[in-house]
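*Asks:* There's a structure below that I have some questions on.
The values are calculated or read from the model by the stated rules, or taken from the named source; none is laboratory data. Just so we're clear, the structure is a prediction, and the values are computed from it rather than from any experiment. Reconstructed Cβ throughout: ideal geometry from the backbone, glycine too, with neighbour counts over all protein chains shown. Please note that ligands, DNA and RNA were not included when accessible areas were found on the heavy atoms of the full protein model with its side chains. Shrake-Rupley method; radii C 1.70, N 1.55, O 1.52, S 1.80 Å.
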Amino acid sequence: MAKKKKKYYVVWEGNNPGIYDTWPECQLQIKGYPNAKYKSFATQNEAVEAFRGNYADAITPRQGKPKTKIISATARQNIIWDSLSVDAACSGSPGIMEYRGVWTQDAVQIFHQGPFPLGTNNVGEFLALVHGISWLQKMGKPELPIYSDSRTALAWLRNKKVKTTLVRNSKTSKLYDLVERAENWVKNNTWKNPVLKWDTENWGEIPADFGRK
């Protein structure tokens, strides 16, 4: 009997978006999730590239156009692959928001928060950064770099203060609690982890990208 070929499963939208190497693991992420978006791939490299892109291009490549932007391999040599990458996604401005952190090397998801009923992308990016830095401290990785593609979130982190016009009401109360906790954490803690700007123009989308552009 021929050996069954291994597949890799990308979940763009599901209970926990990410890359999974068995169908049962993938099923857990899409079970009960309305309009889950997922697809199988023959190799891990294909799955990683697809996860960095978006679902629509993965299932229906545009005529005459590559599925993903062609990025210079030389430019990507500058990426520190042994690192954490964070990102946020927001459907609207403001809108439903979530954020997460993944390993830069293989886009395996490390943490995910949300969705929150009302938020902004910048707030999500800031929370993802602080969550990522504090997680690295807890895991005993005080030197590991962390990437973000948000200049605003990086500025808020440097200033240890969030400047947002997001309305404060019942829909945002939990989010504002998290923002205040995050601000207090950065004011009362120090870290050595290099906090780096992801060079989207030369490197493509950050590995933590939700692929919904």
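*Asks:* Considering only residues that are touching a Ser or Thr at 6+ places or on another chain (Cβ under 8 Å) and within 11 Å of LEU118 (Cα to Cα), which ones fall in region 157-178? Walk me through it before giving the result.
*Replies:* Narrowing region 157-178 to residues touching a Ser or Thr at 6+ places or on another chain (Cβ under 8 Å): 164, 166.
Correct list: LEU166 only.
*Asks:* Same structure again: Would you check which residues across region 154-194 are of a type in the set (Phe, Trp, Tyr) and over 20 Å from CYS90 (Cβ atoms) and list them? Spell out how you get there, then give the answer.
*Replies:* If we filter region 154-194 for residues that are of a type in the set (Phe, Trp, Tyr), which is where we start, we get 156, 176, 185, 191.
Passing the criteria: TRP185, TRP191.
*Asks:* Shifting gears a bit: Got at least one residue in region 63-70 being surrounded by 17 or more Cβ atoms within 10 Å (Cβ to Cβ) and touching a residue at least 40 places away in the same chain (Cβ under 8 Å)?
*Replies:* No.
*Asks:* Which one of these is at negative phi and in contact with a Gly (Cβ under 6 Å, 6 or more places away or on another chain): ILE110, ILE206, ILE133?
*Replies:* Going through ILE110, ILE206, ILE133 in turn, the sole match is ILE110.
*Asks:* Where the second residue is not in a loop (DSSP other than H, G, I, E, B) and the first is free of Cβ contacts under 8 Å to residues at least 24 places away in the same chain and lies in region 79-105, which pairs have Cβ atoms under 6 Å and are six or more apart or on separate chains?
*Replies:* ILE96/PRO115
*Asks:* Considering region 174-213 alone, what residues qualify as being open to solvent by less than 20 Å² (accessible area, probe 1.4 Å) and assigned to a loop (DSSP other than H, G, I, E, B)?
*Replies:* ASN193, TRP198, GLY204, ILE206, PRO207, ALA208, ASP209, PHE210, GLY211
*Asks:* Among the helices (runs of 4 or more DSSP H) contained in region 27-142, which hold 1 or more residues that are at pLDDT below 90 and not hydrophobic (A, V, I, L, M, F, W, C)?
*Replies:* Counting at least 1 such residues, we get 44-52, 55-59, 73-76.
*Asks:* Go through VAL123, VAL130, VAL167 for me and flag whichever is open to solvent by 60 Å² or more (accessible area, probe 1.4 Å), touching a residue at least 40 places away in the same chain (Cβ under 8 Å) and not charged (D, E, K, R).
*Replies:* On the way: VAL123 fails: open to solvent by 60 Å² or more (accessible area, probe 1.4 Å); VAL130 fails: open to solvent by 60 Å² or more (accessible area, probe 1.4 Å).
After ruling out the rest, the residue left standing is VAL167.
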